[in-house]
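Q: Input: one structure, supplied below.
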Amino acid sequence: MQPTRETFGNIPHSSQIIFYLLTVVTMAVFGYGVWRRFKMWRQGTPVGIKELIVGNAQQIFAKLRPGLGRLLVEGLGQKRVRGRGLPSYAHIVMFAGFMMLFLGTTLLEIDHLSAGISDALKFHKGTYYVIYEFTLDIFGLLFLAGCIFFLWRRTRRPSSIGHKATDWYVLGSFIAIGITGYLLEGLRLAWQQPTGIAAHCSPVGFLIAKSFSGLSNDSARGAHLGVWWLHALLVFAFIAAIPYTRLLHMIVGPINLFLAQPVLGKLVPVSMEEVEKTERIGISAITHFNQQQLTSLDACMECGRCEEACPAFATDKPLSPKRVVQDLKGLMTLSLGTRTKTAGFPIPGLHNDTIRPETLWSCTGCSACVKVCPVRIDPLTLITDMRRNRVGEGELSGTAATALRRMQSSSNPWGLPAAERANWSEELGAPTAKDNPNFEVLYWVGCAGSYDRRAQRVARSVVKLLKSAGVNFAILGREEKCTGESARRLGDEFLFQELAQANIATLAKYNVRKILAHCPHCLNSLLKDYSQFGGEYEVIHHTQFISDLIQTGRLKIPASDGQGNGDAVTYHDPCYLARVNGIHEAPRDVLRTALGATSKPDFREMLRSREKTFCCGAGGGRMWMEEEPKKRVSTVRAKEALETGAKTVAVGCPFCLTMMTDGVAAQNGEARVMDVAELLVERLKI
Amino acid sequence: MKILVPLKRVPDPDTKIRIKADGSGVDFDGVKFAVNPFDAIALEEALRIKENLGDAEIVVVSIGNDDCVEQLRNGLAMGADRAVLIKAADELDSLAIAKILAAVYKREQPSFVLMGKQAIDDDSNQAGQMLAALLGLGQATFVSKLELIENNSKARCGRETDAGIETVAVKFPAIITTDLRLNEPRYVSLPGIMKAKKKPLEEIALSDLGVSAMSRTKILALEPPPKRKAGVRVKTVDELVDKLRNEAKII
């Protein structure tokens, strides 16, 4: 006889009927719960989901492909779940177990239905059955192991993780489902009494069955029916509870992975026509978010990774990305939910009531929260969209407001005369595009390089290196204006657009295609912001360009003479370089060359480096805001740098240069903070 | 409650001012203009008073040519309720301005006037005081802290003086002039200015106001301050003392 088991074996017909009736009820409760949330998401501004299925099959596939790819790799593959040590593995193990059990149950039902049509269609037997039983037995253990780990972790209450009473139910019922499943198997084996492979292919059940060996066949059958019902009811309750508990992320997580905007450092433009039509800018009510953004709120299961990565939260600012998402979710439920009309209390507003302005202004735009979210929720865009409204409503004041005013009047945030923009280059004689129209690459100096005395030294170093390598380059000189990056991240979209359009016109005048920038903020803006307004350029960081000059031999590097000072050096990755644009090896390459003079270069990595870097505190327009000295982001980061024992902290961003210098000084540290280019110039003695 | 806030159009504070070659005046070619920062502080304070009280009318007024509309729109975008432009010739001295403002005051009958302590172009620091004298009203100048008291019938003002903060109470109606540290004015973005275009802006000819404002002062010539000479680096304290004693003759 082939190894197999009867589906609904030992289950009376009446029980089966009730089982199917309950299935219908469960699915109805589940469906209503999801539909209830779906109705809320739909009240956001449309994102053109229907357009995804317009066109021929090939076009549709091309449109769906990126999202489907994310579903496969990041959903089923759990790619973004990784990176948090043990809990990541526990989730992957639990997820694998769950998916296998889910798949198994689905296959069993298919087999049951097809066997109902004809006995010949039954496939739940033989070798398939053996593999099936064995696989499910093992994956069930994985599922239980994951659940037990998470239950244990919850008892320890890590602060970044959300806690609700229903969490105990969810994990408890998962474990109960697993245990009753194994009991059921044991009892089934106890009354069915299969032999050979049919018994041993369920090792866990087999062990349990052994302990039931004293039971009579009838009592085994009775107990089996009882446990079967318990197991079934637990499963029904779990399915019905999905949309009403944290389990909702099982449904909405994948939806958000599919719909999310995957590129870091990109914001959605707003046009003046839109503002005139809607008579508002940015987000001032929950329905102003788009449908994908509202959906993403429900994908959050409060794992707290964003909070752990957030530099504002780490320095006691009133901002946690998780809190922002959860508070917005709460507002969505309150104001768009089915019970809104009968709530009997006034619905709170978005600004001030739900999200405080200090929360919005605390964000450094470092993108760490976006990068670590397993389901691609984007708190940064939520925050920037709300900032746009606050700026539009005149809610910004203080030093950041002054910087914006100055960008408007002087085209740079320092408010220094536009006519003096190229003064830094006078002694070196950097050619302007006007004087040297046939340049190979345009050097975008940026406001810091042009006006900040410290950053001017970086700009001079870059020019020295370019000249030494015989690069045919040009600067825009007085014709360059602030990119408007800070303005855009602060929420002043139209000041940004004004500056961007002026710069794009200037760049077009000189037919610029390739731009070299030493400022990652300028780089990101020229690359990702400007392309939204017709400015398409190849933009590279100075460390990439210099690294290239070294590798191609254009920049002559003398052989090591062992004369370097031998001090330990560390490198701070700028967020907008390493995390947002994935540039982290070129600066290290150049740094290695710069340190090459010493016989034993002592390069030390910080704990948080490359794409996991920790912000210096200057992004998102925070460069222009005051921060309490004791709780500065820069102090935290500078401490990490000093803890490596480095005597030189290398950076690749003028904002980081300022912040890290301040941070080191705040701790009376003795390390000097230098741009990578400056260190190379030091080595080359040019 | 009604608050009158005069706004003066001045060169942007971040602009480097150039004097015309013949010294006859400032070269405004390519210069951007802004609301006098002290006036912006006054308007910000008025807006905060309005936000606190829940209700108040804020009227901004500017005196000059059509260009001043830009600054009035800015004031409306910050949150003022309506604007008045008194059309007048460009060059008016503080007394002339005070007389015009007195006429506007009589027309508007505000609860009080909040204005900058001085304008950053001529730095006269006179219009507020003269206005109070012309109207026979109380005044609190250089105010860096402002609080409405006694059922909003008076203001308790902290004044910045050389000796420290002097606190005075002034009964409404009154003229209050604002100092730098009173507040930080809110930022106005482009959509805010667009939205403010719908707010009322009234233009009044000087003659309709019944004032004959004539400047009694005349600018004869302007000249830039002399360029700073390069400093000298001394090697020792003794050398410094010697230079201070024998060259600078100050010790």
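The values are calculated or read from the model by the stated rules, or taken from the named source; none is laboratory data. On a predicted model such as this, the values are computed, not experimentally measured, just so you know. Every residue, glycine among them, receives a Cβ derived from its backbone with ideal geometry; neighbour counts consider all protein chains shown.
Q: Mind telling me which of the residues B:Asp81, B:Asp93, B:Asp122 ends up being acidic (Asp, Glu) and either closer than 30 Å to A:Gly392 by Cβ or touching a Gly at 6+ places or on another chain (Cβ under 8 Å) (or both)?
A: Result: B:Asp81 is the single residue among B:Asp81, B:Asp93, B:Asp122 that is acidic (Asp, Glu) and either closer than 30 Å to A:Gly392 by Cβ or touching a Gly at 6+ places or on another chain (Cβ under 8 Å) (or both).
Q: Is it true that some residue in segment B:189-212 is within 14 Å of chain A (Cβ to nearest Cβ), at pLDDT 90 or above, assigned to a helix (DSSP H, G or I) and surrounded by 14 or more Cβ atoms within 10 Å (Cβ to Cβ)?
A: Within segment B:189-212 (the criterion being within 14 Å of chain A (Cβ to nearest Cβ), at pLDDT 90 or above, assigned to a helix (DSSP H, G or I) and surrounded by 14 or more Cβ atoms within 10 Å (Cβ to Cβ)), the answer is no, since none of the residues qualifies.
Q: State all residues of segment B:203-244 that are in contact with a strand residue (DSSP E or B) (Cβ under 7 Å, 6 or more places away or on another chain) and under 30 Å from B:Asp27 (Cα atoms); if no residue qualifies, say none.
A: B:Glu203, B:Ile204, B:Ala205, B:Leu206, B:Leu222, B:Glu223, B:Pro224
Q: Can you find a residue in segment B:170-178 that is touching a residue at least 40 places away in the same chain (Cβ under 8 Å), closer than 30 Å to A:Gly491 by Cα and within 14 Å of chain A (Cβ to nearest Cβ)?
A: No, because not a single residue in segment B:170-178 is touching a residue at least 40 places away in the same chain (Cβ under 8 Å), closer than 30 Å to A:Gly491 by Cα and within 14 Å of chain A (Cβ to nearest Cβ).
Q: For segment B:61-94, name all the residues that are among the aliphatic types (A, V, I, L, M) and away from chain A (no Cβ under 14 Å).
A: Once the filter is applied, which keeps residues that are among the aliphatic types (A, V, I, L, M) and away from chain A (no Cβ under 14 Å), segment B:61-94 yields B:Val61, B:Ile63, B:Val69, B:Leu72, B:Ala83, B:Val84, B:Leu85, B:Ile86, B:Ala88, B:Ala89, B:Leu92.
Q: Just a yes or no: is a residue in segment A:344-356 assigned to a helix (DSSP H, G or I) and more than 27 Å from the chain's Cα centre (by Cα)?
A: No, segment A:344-356 contains no residue that is assigned to a helix (DSSP H, G or I) and more than 27 Å from the chain's Cα centre (by Cα).
Q: So, one more: Does B:Phe112 fit the bill of being surrounded by 21 or more Cβ atoms within 10 Å (Cβ to Cβ) and either of a type in the set (S, T, N, Q) or touching a Pro at 6+ places or on another chain (Cβ under 6 Å) (or both)? So that I can check it myself, show each step before the final result.
A: Details: surrounded by 21 or more Cβ atoms within 10 Å (Cβ to Cβ): yes; either of a type in the set (S, T, N, Q) or touching a Pro at 6+ places or on another chain (Cβ under 6 Å) (or both): yes.
So B:Phe112 fits the description; yes.
Q: Can B:Arg186 be described as within 14 Å of another protein chain (Cβ to nearest Cβ), crowded, with 18+ Cβ neighbours inside 10 Å and basic (Lys, Arg)?
A: Considered against the rule, which asks whether it is within 14 Å of another protein chain (Cβ to nearest Cβ), crowded, with 18+ Cβ neighbours inside 10 Å and basic (Lys, Arg), B:Arg186 comes out as yes.
Q: In segment A:252-266, is there at least one residue being surrounded by fewer than 18 Cβ atoms within 10 Å (Cβ to Cβ), under 37 Å from the mean Cα position of the chain (by Cα) and closer than 30 Å to B:Ile193 by Cβ?
A: There is at least one residue in segment A:252-266 that is surrounded by fewer than 18 Cβ atoms within 10 Å (Cβ to Cβ), under 37 Å from the mean Cα position of the chain (by Cα) and closer than 30 Å to B:Ile193 by Cβ.
Q: Could you grab the pairs with beta carbons closer than 9 Å, sequence gap of 6+ or different chains, first residue in segment B:226-250 and under 30 Å from B:Ile17 (Cβ atoms), second one surrounded by 10 or more Cβ atoms within 10 Å (Cβ to Cβ)?
A: Partner pairs satisfying both residue conditions: B:Val232/B:Lys243.
Q: Could you check segment A:399-415 and list, in sequence order, the residues that are assigned to a loop (DSSP other than H, G, I, E, B) and free of Cβ contacts under 8 Å to residues at least 24 places away in the same chain?
A: A:Gly415
Q: Considering only residues of segment A:416-430 that are assigned to a loop (DSSP other than H, G, I, E, B) and surrounded by 19 or more Cβ atoms within 10 Å (Cβ to Cβ), which is nearest to the other protein chains (Cβ to nearest Cβ)?
A: Step by step, filter segment A:416-430, then rank; the result is A:Leu416.
Q: Going by the structure shown, is A:Ile504 more than 14 Å from every other protein chain (Cβ to nearest Cβ), farther than 30 Å from A:Asp385 by Cα and over 28 Å from the mean Cα position of the chain (by Cα)?
A: no
Q: With the structure loaded, tell me whether A:Gly196 is out of contact with any Phe, Trp or Tyr (no Cβ under 6 Å at 6 or more places or on another chain) and over 30 Å from A:Ala240 (Cα atoms) or whether it fails that test.
A: Criteria met by A:Gly196.
Q: Would you be able to tell me the number of residues in segment A:386-395 that are out of contact with any Leu (no Cβ under 7 Å at 6 or more places or on another chain) and either hydrophobic (A, V, I, L, M, F, W, C) or more than 8 Å from chain B (Cβ to nearest Cβ) (or both)? Can you show your working first?
A: Of the residues in segment A:386-395, the ones out of contact with any Leu (no Cβ under 7 Å at 6 or more places or on another chain) are A:388-389, A:392-395.
Those left that are additionally either hydrophobic (A, V, I, L, M, F, W, C) or more than 8 Å from chain B (Cβ to nearest Cβ) (or both): A:388-389.
Matching residues across segment A:386-395 total 2.
Q: May I pose another question? Return the residues of segment B:11-28 that are out of contact with any Pro (no Cβ under 6 Å at 6 or more places or on another chain) and either among the polar types (S, T, N, Q) or away from chain A (no Cβ under 12 Å) (or both); say none if nothing qualifies.
A: Selection gives B:Thr15, B:Lys20, B:Ala21, B:Asp22, B:Gly23, B:Ser24, B:Gly25, B:Val26, B:Asp27, B:Phe28.
Q: Could you list, in sequence order, all residues of segment A:641-684 that are closer than 17 Å to A:Arg579 by Cβ and surrounded by fewer than 19 Cβ atoms within 10 Å (Cβ to Cβ)?
A: Hits for segment A:641-684: nothing passes.
Q: Looking only at segment B:199-251, count every residue that is farther than 25 Å from B:Ala127 by Cα and of a type in the set (Ser, Thr, Tyr) and tell me the total.
A: 1
Q: Those residues that are buried (at least 18 other Cβ atoms within 10 Å of the Cβ), more than 30 Å from B:Phe33 (Cβ to Cβ) and of a type outside the set (Phe, Trp, Tyr), I need them from segment A:432-454; list them, please.
A: Answer for segment A:432-454, where residues must be buried (at least 18 other Cβ atoms within 10 Å of the Cβ), more than 30 Å from B:Phe33 (Cβ to Cβ) and of a type outside the set (Phe, Trp, Tyr): A:Ala433, A:Val441, A:Leu442.
Q: For segment A:29-48, indicate whether the set of residues that are in a helix (DSSP H, G or I) and more than 31 Å from the chain's Cα centre (by Cα) is non-empty.
A: yes
Q: How many of the residues making up segment A:267-283 are crowded, with 19+ Cβ neighbours inside 10 Å and away from every other protein chain (no Cβ under 11 Å)?
A: 2
Q: Six or more apart or on different chains, Cβ under 7 Å: which pairs go from a residue in segment A:257-277 that's at positive phi to one that's surrounded by 14 or more Cβ atoms within 10 Å (Cβ to Cβ) and of a type in the set (D, E, K, R)? Could you list them?
A: These pairs meet every condition: A:Gly265/A:Lys528.
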